[in-house]
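First the structure, in the form of structure tokens, and then the observations on it.
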Amino acid sequence: FVTPIFTIFLLRDLSFSQLGALSGLYATLVVLGEIPTGYVGDAIGHRNSLVVGATAKAISLVGFTVAETFPAFVVLYVFWAAGLTFDSGSRSAWLYETLAERHDESTFTRVRGHGESVNRWVGAGAMILGSLLYVVDPRVPFLAATGLTLLGVPLLFSLPEPGSAAERRMPLAEVRSVVWTALSGPSLRA
């Protein structure tokens, strides 16, 4: 709902420089947040991580409708980035582990591909609808997105949680070693 009108909406209260600073903050938080939120997601379970992500996104979405100052938008961008990072790896991990446990993990690519296709089509329709809702009131697309996101929380709780969090949890020392090895590899050093 908010993708096509997001920048226009924010420019009502922010300058281009402030919007650029927020975008830089968001990108930085997403990059820095992937590993810690992935670790927490493994510890609390992928389904619960998805719930945390949806809740953080809903807080930011509804907050955009009332925020008017740059510091308020900074806080909302922190919630938005946290929501994205809690969601990013947990969605694929949950699907893969559920398929491995209940069906056949070799169908992961096909099932995920079908899901992404449906998501793109629904997203395209929501963008068109969001643009029309913006004409009614600029806050309505954010409220619609908040409602849809919050509707997902009970649906997430209805999903099974594959395996146990204890089975997925890696000791912190081992995490540091794996991360250091990956980040210091030749492909990333350049």
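Approximating the spin labels as points 7 Å out from Cα along Cα→Cβ, the Thr69-to-Leu32 distance works out to 2.2 nm. Using a Gaussian network model of the chain in which every pair of alpha carbons under 10 angstrom is joined by a spring, one finds that among Ser177, Ser131, Ser158 the greatest mean-square fluctuation is at Ser177.
For trypsin sites (Lys or Arg not before Pro), the sites in the stretch 38-145 that DSSP calls loop and that have at most 16 other Cβ atoms within 10 Å are Arg139.
In the chain, helices alone account for a calculated mean residue ellipticity at 222 nm of -27000 deg cm²/dmol, with every DSSP H run of four or more residues adding -39,500 (n - 2.57). Once the C-beta distance of Ser15 and Ala43 is scaled by a Förster radius of 35 Å, the resulting FRET efficiency is 0.30 to the nearest 0.05. Applied to the stretch 109-116, the Karplus parametrisation 6.51 cos²θ - 1.76 cosθ + 1.60 on θ = phi - 60° returns per-residue 3J(HN,Hα) values of 4, 5, 5, 5, x, 4, x, 5 Hz, with x for Gly and Pro. For Rg and Dmax of the Cα atoms in Å, which listed value, (1) 19.8, 64; (2) 17.8, 74; (3) 18.4, 53, comes from the coordinates shown? Of the listed options (1) 19.8, 64; (2) 17.8, 74; (3) 18.4, 53, (3) comes from this structure.
Taken per residue, the accessible surface of the stretch 1-115 reaches 50 Å², heavy atoms only and a 1.4 Å probe. Along the stretch 14-20 the Karplus relation, 6.51 cos²θ - 1.76 cosθ + 1.60 evaluated at θ = phi - 60°, assigns HN-Hα couplings of 10, 8, 4, 5, 5, 5, x Hz to successive residues, with x for each Gly and Pro.
With θ taken as phi - 60° and the Karplus curve 6.51 cos²θ - 1.76 cosθ + 1.60 applied, the whole-hertz 3J(HN,Hα) list for the stretch 31-40 is 5, 6, x, 4, 6, x, 6, x, 5, 5 Hz, x standing for glycine and proline.
The values are calculated or read from the model by the stated rules, or taken from the named source; none is laboratory data. Quantities reported herein were computed from a predicted structural model and do not represent experimental measurements. Because the Cβ atoms are built from the backbone with ideal geometry, glycine has one as well, and the counts that use them run over all protein chains shown. For the accessible areas, the whole protein counts, side chains as well, though only heavy atoms, and no ligand, DNA or RNA atoms are used. Shrake-Rupley method; radii C 1.70, N 1.55, O 1.52, S 1.80 Å.
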